[in-house]
1. Residues that are closer than 21 Å to residue 107 by Cβ and either in contact (Cβ under 8 Å) with a residue 60 or more places away in the chain or under 13 Å from the mean Cα position of the chain (by Cα) (or both), at least 2 per element: which strands (runs of 3 or more DSSP E) completely within the stretch 3-90 meet that?
2. Among the listed residues 34, 101, identify the single one that is within 20 Å of residue 7 (Cα to Cα), in contact with a helix residue (DSSP H, G or I) (Cβ under 9 Å, 6 or more places away or on another chain) and either modelled with pLDDT under 95 or buried (at least 17 other Cβ atoms within 10 Å of the Cβ) (or both).
3. For the stretch 72-84, which residues satisfy the criterion of being farther than 18 Å from residue 34 by Cβ, at pLDDT 95 or above and surrounded by fewer than 18 Cβ atoms within 10 Å (Cβ to Cβ)?
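The values are calculated or read from the model by the stated rules, or taken from the named source; none is laboratory data. Because the structure is predicted, anything quoted here is derived from the model rather than measured. Reconstructed Cβ throughout: ideal geometry from the backbone, glycine too, with neighbour counts over all protein chains shown.
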């Protein structure tokens, strides 16, 4: 397992970009839960953030793609609006151990398909 971020480094209601072995992900903490996704829009595969660590809309209620404004549910990555409506962000499986978000090295490979 690889530690990728300390839970204390993610403030409630915020997002944080992560890079491990040249692979890009982001995490969100909402209502005490942590969510982890690949940093790739299912529309064009572009990075989602519009500014460092800025993956959420103005209300911090949805994930927003900076390229075409697609909106995704935080809890499951489902696209509600935009050119990829109906598709999903790809979640990264993880565990939390001793306050650290950890990913299995074997699973830590960038998805090949959108």
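1. Numbers: elements: 14-20, 23-30, 33-38, 62-64, 71-73, 79-81.
In the stretch 3-90, the matching strands (runs of 3 or more DSSP E) lie at 14-20, 23-30, 33-38.
2. On the way: 34 fails: either modelled with pLDDT under 95 or buried (at least 17 other Cβ atoms within 10 Å of the Cβ) (or both).
Result of the check over 34, 101: 101.
3. To start, the set of residues in the stretch 72-84 that are farther than 18 Å from residue 34 by Cβ comprises 79-84.
Right, trim to at pLDDT 95 or above and you get 79-81.
Scanning the stretch 72-84 gives 80, 81.
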